[in-house]
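One structure is given below, encoded as structure tokens.
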Amino acid sequence: MTDLINANFMRMFKSKYFWLSAAATFAAVLCSVCMSLSFNQGSTANWDQVILHYFYVPLFTSAVFAAGFLGTEYSDNTIRNKLIVGKTRPQIYFADLAAIVVGGLIITVSGELAPIAVAVYAGADCFSMSAGCFAAGVIVCVCAVISACALFTLIGMVVAKKSISIALTLILMIGAYAAAPKIREKLDVPQFDTITMWGEDGQPEKVYEEANPEAVTGFTRTLLETVYNVLPFGAVEQAREDTLARDLLPLYSLGVLTVTTAAGAVIFRRRDLK
Amino acid sequence: MSKSFLVCIALSIVDALARFFSSYINDEECVKRLGGMLVSGGTNVMFIASIFTALYLGTEYSNGTLRNKLVIGHTRTAVYFANLITVLSGTFACAAAEWLVTAVSWLITGGNLGMPADEFATCAAVYICALAALCAVNTLIGMLIAAKSSTVVVTLVLMLGTMMISSTLIQLLSIPKNTESYELTDTGMVQVVVSDKENPMYIGGTKRLVFTFVNNVLPCGPACWLEGGKLPENGEALPLFSLSVAAVSTVAGAVVFRRKDLK
């Protein structure tokens, strides 16, 4: 399997999808950081927050890289060649997964270089998180990227047509990107409304709480929380919050990685490669 | 009937139903704002139409259809315009499916337009012209890039990028000119008070003109304005920008396609 992984890495470093995705990630994050700095007069940027925020960009570009890279496996008949020389289907799947995960992480690093470079250039010393908290946030984001890469591998290995695979991964990512803030909005509705009765002197006389009918509770809340934690964009958004829920997010990512990889390997094993 | 076209029609219907249910669950009164709801889904339709265009035009190259059309004697200009018309029809079919499902869902629940008819007509014109501009740009990309997968990547990434730029520009242009503060009234209600003090974040002068122009010429710009369910100030001029973009990209596309080496 080592030779398969080595071959994949060699192909990855020659792939135009890989280099274009890495360059696009760096350029997009750099433009976005510079734009937001110029509009905020560069004064109040907390660089740890900025670095964690931009982990969402590589999720899109990695999708294009993964679909393009794996689509080429089919279109160039590389998969068939690998099978002919005696490699098993699970070996091929896991070697491709390794290449996509490593590629996704390199693309992520290329994106994160942009805010770090701007921070160093601007001589920024504004940080709002402790080192441990920041490291935990980075781990959450890296796990989210890995889980997303596992999902891209599943799609790329199951869908043979490169163009369909690219469209599908991008639709999925855009859907997840649009869904995450909507779920968050629902979860953020307070469970209780604070009612204040005002006295004649204009001072609060009585303050009491009553259940908010708009709030999501019970099973629906648990379901929405799970979906939000499973979505890579949900994990990236929560990475900046110092909470216990944030620390559990890598477990959700690990769950996604396990389920998608197992499902992908099983489907790919039974797949008719024609 | 192309498979990608049917999938995109199905996506439009699913999107319209999802938008209806998510709005209705949040606020049952939203059925009284059908007009705003119809025109606010432009960006979703644009995204779906981009997928259709990229897959449809990509197949023209990969299946050799383009070469066959030229072999039997059609001119390149005729092929380009025929494809543009097909893409326009497909895109408007997606929009029509979305509008039909939205309108039927709304009318069943007893909704009404919720805005003056002339305002709705203007919004609809902005919506249609924005779709036409997007079709022209997507056709330009699809006819000039031979590799289907590259067409899909370029079209979708461009769509996503321009949508993000447009949202940022609209957010910046919406910053109020004067500062606002919140005051608590005697009854405990929060009241917005607009002061005479100028907002330092307000974007004015040449910068405002440039931002407005850039947003108006982006194919998604007018659709992003309509996401709020209403037109911006001087929104009546938006169709002119969209039609100009459509004209320029069609002429450019036809000229470049005429000289393109089709191998």
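Between a residue in the range A:157-168 that is more than 7 Å from chain B (Cβ to nearest Cβ) and any residue that is in a loop (DSSP other than H, G, I, E, B) and surrounded by fewer than 19 Cβ atoms within 10 Å (Cβ to Cβ), which pairs come within a Cβ distance under 9 Å, given they are 6 or more apart or on different chains?
Once the first residue is more than 7 Å from chain B (Cβ to nearest Cβ) and sits in the range A:157-168, its partners that are in a loop (DSSP other than H, G, I, E, B) and surrounded by fewer than 19 Cβ atoms within 10 Å (Cβ to Cβ) give A:M157/A:R271; A:V158/A:R271; A:A160/A:R271; A:A160/A:L273; A:A160/A:K274.
Might you check whether a residue that is within 16 Å of the chain's Cα centre (by Cα), of a type in the set (S, T, Y) and within 26 Å of B:G221 (Cα to Cα) occurs anywhere in the range B:87-98?
Yes, there is a match, as at least one residue in the range B:87-98 is within 16 Å of the chain's Cα centre (by Cα), of a type in the set (S, T, Y) and within 26 Å of B:G221 (Cα to Cα).
Taking A:S15 as the residue in question, decide whether it is of a type in the set (S, T, Y), modelled with pLDDT under 85 and either within 30 Å of A:S130 (Cβ to Cβ) or touching a helix residue (DSSP H, G or I) at 6+ places or on another chain (Cβ under 9 Å) (or both).
No.
With the requirement that a residue be of a type in the set (S, T, N, Q), under 30 Å from B:D27 (Cβ atoms) and buried (at least 18 other Cβ atoms within 10 Å of the Cβ), what does the range A:215-274 give you?
Of everything in the range A:215-274, those that are of a type in the set (S, T, N, Q), under 30 Å from B:D27 (Cβ atoms) and buried (at least 18 other Cβ atoms within 10 Å of the Cβ) turn out to be A:N229, A:Q238.
When you look at A:A114, is it buried (at least 24 other Cβ atoms within 10 Å of the Cβ), more than 14 Å from every other protein chain (Cβ to nearest Cβ) and in contact with a helix residue (DSSP H, G or I) (Cβ under 8 Å, 6 or more places away or on another chain), yes or no?
No; evaluated as a whole, the condition is false for this residue.
Return yes when A:I195 is hydrophobic (A, V, I, L, M, F, W, C), within 11 Å of chain B (Cβ to nearest Cβ) and in contact (Cβ under 8 Å) with a residue 12 or more places away in the chain and no when it is not.
Against the criterion (hydrophobic (A, V, I, L, M, F, W, C), within 11 Å of chain B (Cβ to nearest Cβ) and in contact (Cβ under 8 Å) with a residue 12 or more places away in the chain), A:I195 qualifies.
Taking the stated definitions as given, is B:A96 more than 13 Å from every other protein chain (Cβ to nearest Cβ) and either among the hydrophobic types (A, V, I, L, M, F, W, C) or closer than 15 Å to B:G41 by Cβ (or both)?
For B:A96, the condition - more than 13 Å from every other protein chain (Cβ to nearest Cβ) and either among the hydrophobic types (A, V, I, L, M, F, W, C) or closer than 15 Å to B:G41 by Cβ (or both) - is met.
Looking at A:A98, A:A24, can you tell me which residue is within 14 Å of chain B (Cβ to nearest Cβ), over 30 Å from A:S130 (Cβ atoms) and either among the hydrophobic types (A, V, I, L, M, F, W, C) or without any contact (Cβ under 8 Å) to a residue 60 or more places away in the chain (or both)?
The conditions single out A:A24.
May I ask you to say which residue of B:S50, B:S62, B:S105, B:S23 is without any contact (Cβ under 8 Å) to a residue 24 or more places away in the chain and touching a helix residue (DSSP H, G or I) at 6+ places or on another chain (Cβ under 8 Å)?
B:S23
Is there any pair with a first residue in the range B:115-129 that is farther than 14 Å from B:P239 by Cβ and a second that is modelled with pLDDT of 85 or more whose Cβ atoms are under 9 Å apart and which are 6 or more apart or on different chains, and what are they?
From the range B:115-129, the pairs are B:M115/B:C123.
Any idea how many residues of the range B:1-53 are among the aliphatic types (A, V, I, L, M), surrounded by fewer than 18 Cβ atoms within 10 Å (Cβ to Cβ) and at pLDDT below 85?
2
Tally the residues that are hydrophobic (A, V, I, L, M, F, W, C) and away from every other protein chain (no Cβ under 13 Å), restricting the search to the range B:51-78.
The qualifying residues number 5.
So which of B:T168, B:T155 ends up being within 14 Å of chain A (Cβ to nearest Cβ), part of a helix (DSSP H, G or I) and surrounded by fewer than 20 Cβ atoms within 10 Å (Cβ to Cβ)?
B:T168
For the range B:223-238, which residues satisfy the criterion of being crowded, with 20+ Cβ neighbours inside 10 Å and over 20 Å from B:P176 (Cα atoms)?
Once the filter is applied, which keeps residues that are crowded, with 20+ Cβ neighbours inside 10 Å and over 20 Å from B:P176 (Cα atoms), the range B:223-238 yields B:A223, B:L238.
Do we find a residue being of a type in the set (G, A, S), surrounded by fewer than 18 Cβ atoms within 10 Å (Cβ to Cβ) and either assigned to a helix (DSSP H, G or I) or more than 14 Å from every other protein chain (Cβ to nearest Cβ) (or both) anywhere in the range B:79-88?
Checked against the condition, which is being of a type in the set (G, A, S), surrounded by fewer than 18 Cβ atoms within 10 Å (Cβ to Cβ) and either assigned to a helix (DSSP H, G or I) or more than 14 Å from every other protein chain (Cβ to nearest Cβ) (or both), the range B:79-88 yields at least one hit.
Would you mention how many residues in the range B:218-263 are polar (S, T, N, Q) and either within 18 Å of B:V45 (Cβ to Cβ) or touching a Pro at 6+ places or on another chain (Cβ under 8 Å) (or both)?
Residues meeting the conditions: 1.
Inspect the range A:36-48 for any residue being out of contact with any Gly (no Cβ under 6 Å at 6 or more places or on another chain), at pLDDT 85 or above and buried (at least 21 other Cβ atoms within 10 Å of the Cβ) and give the result as yes or no.
No: the range A:36-48 contains no residue that is out of contact with any Gly (no Cβ under 6 Å at 6 or more places or on another chain), at pLDDT 85 or above and buried (at least 21 other Cβ atoms within 10 Å of the Cβ).
Select from the range A:210-239 the residues that are under 22 Å from the mean Cα position of the chain (by Cα) and not in a helix (DSSP H, G or I) and list them in ascending order.
Selection gives A:L231, A:A239.
From the list B:N68, B:N44, exactly one residue is touching a helix residue (DSSP H, G or I) at 6+ places or on another chain (Cβ under 9 Å) and assigned to a helix (DSSP H, G or I). Which is it?
B:N44
What number goes with the only condition from (1) within 29 Å of A:A131 (Cα to Cα); (2) hydroxyl-bearing (S, T, Y); (3) out of contact with any Asp or Glu (no Cβ under 8 Å at 6 or more places or on another chain); (4) modelled with pLDDT of 85 or more that A:Y93 does not pass?
(1)
Which condition breaks for A:R184 when tested against (1) of a type outside the set (S, T, N, Q); (2) within 10 Å of chain B (Cβ to nearest Cβ); (3) closer than 30 Å to B:G41 by Cβ?
A:R184 satisfies all of (1) of a type outside the set (S, T, N, Q); (2) within 10 Å of chain B (Cβ to nearest Cβ); (3) closer than 30 Å to B:G41 by Cβ except (2).
The values are calculated or read from the model by the stated rules, or taken from the named source; none is laboratory data. On a predicted model such as this, the values are computed, not experimentally measured, just so you know. For neighbour counting, all protein chains shown are included, and Cβ atoms are generated from backbone atoms with ideal geometry for every residue, glycine included.
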